[in-house]
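The values are calculated or read from the model by the stated rules, or taken from the named source; none is laboratory data. Just so we're clear, the structure is a prediction, and the values are computed from it rather than from any experiment. Here the Cβ is made from the backbone with ideal geometry for all residues, glycine too, and neighbour counts use every protein chain on show. Surface accessibility is based on the protein's heavy atoms, side chains included, excluding ligands, DNA and RNA. Shrake-Rupley method; radii C 1.70, N 1.55, O 1.52, S 1.80 Å.
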Amino acid sequence: MPEPEVLLTGLGIPESPRWHQGRLWFANWIGQQIVAVHPDGTAEFLPSPAGRLMGWSIDWLPDGRLLSTGDKLRRQEPDGSVVTVAEQAANEIVVDARGNIYLNGADFDFAGGEAPKPGWIKLVTPDGQLRQVAGDIQFPNGMVITPDNRTLIISESFSRELTAFDIGADGGLSNRRVFAAEVSPDGICLDADGAVWVSTGGTSVVRVAAGGGVLDRIELGENRAPFALMLGGPDRRTLYIMTAEWRPADGITSNLDRLVTGPRTGQVLACPVQVPGAGRP
């Protein structure tokens, strides 16, 4: 694979990348910004309504309204006002073509070093009803939905698995199964062949097929951790890698403290790939 190029630098922790209306959008954790960047690196920085430094994401409803997670689920209206959709704290989000909003989270203080608890996936239907549709998720992270709206794949970071569910007519999830094991998933993206780009837990990202076979690999620099991935660009054949400095020997709390109080080491990298992106986000 070609070596990734730096598109944007000087960020906190770039997360939750989305390709939307010709630009790469993402959450700039710590900086408390939503960033929109053109393929040439020209960027626009917008304030985040998330209500927390880290652990929030963005996505769009089919009608084009922006959603953000954090201490609650919020929606930006066409006039720029922000309304609360649900009093539900959450980390990641993905929206299907019908307007079903999938949220996930885990009810423990990850950044503070609290002992882990199993997480969940919750559904907010277009009429505003909130219910849990999956539990016992081992640190839920990035989610994708296939183009036919029939399958949701979620990262289970602590079990090092990608887990797939069937999506029912009412938005419920069933038929839980392992899509790929022995990865270290965070933010993920899906391509037109049904493969998923995912991190390995080190300083590389891989493209895996159902069953876990590794199809491609991209190596990053030393102590350069990939936090999330997105396929975008005019033909969706550019892999955007959200990354920041992470020192494995320092532990979670020390790394996060340094990222909050120290230099802004976050970067967006770009790398051409052969198979275009597909599905949602």
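Brief remarks on what is shown
- The stretch 1-130: C-alpha gyration tensor shape, a/c 1.5 cut-off, then a/b vs b/c: oblate
- Dipole moment magnitude, nearest 20 debye, the chain about Cα centre, only Lys, Arg, Asp, Glu C-beta charged: 180 debye
- Each residue of the stretch 148-157 is assigned a 3J(HN,Hα), and the resulting list reads 7, 6, 9, 9, 10, 10, 10, 7, 10, 5 Hz, derived from the Karplus form 6.51 cos²θ - 1.76 cosθ + 1.60 (θ = phi - 60°), x at Gly and Pro.
- Rounded accessible area of residue 247 (nearest 10 Å², 1.4 Å probe): 90 Å²
- Net charge of Cβ neighbours under 15 Å - reference residue 160; Lys, Arg +1; Asp, Glu -1: -4
- Prolate/oblate/rounded call for the chain, Cα gyration tensor, a/c under 1.5 rounded: rounded
- The stretch 32-50 versus the stretch 107-127: alpha-carbon centroid distance in Å: 26 Å
- Here's how it looks for residue 246: its modeled amide H is under 5 Å from those of 224, 225, which are all 5 or more places away or on a different chain.
- Amide hydrogen neighbours beyond the local backbone of residue 201, cut-off 5 Å, H modeled: 184
- About the Cα centre, charge dipole magnitude for the stretch 1-152 (Lys/Arg +1, Asp/Glu -1 at Cβ), debye: 300 debye
- Overall form of the stretch 63-182 per C-alpha gyration tensor (a/c, 1.5; a/b vs b/c): oblate
- Rolling a 1.4 Å probe over the protein heavy atoms leaves residue 224 with an accessible area of roughly 40 Å².
- For the chain, with all protein chains in place and a probe radius of 1.4 Å, 48% of the accessible heavy-atom surface sits on carbon or sulfur.
- The stretch 162-281, dipole about Cα centre (Lys/Arg Cβ +1, Asp/Glu Cβ -1), debye to the nearest 20: 120 debye
- Per residue, the solvent-accessible area of the chain (1.4 Å probe, heavy atoms of protein chains only, all protein chains present) comes to 41 Å².
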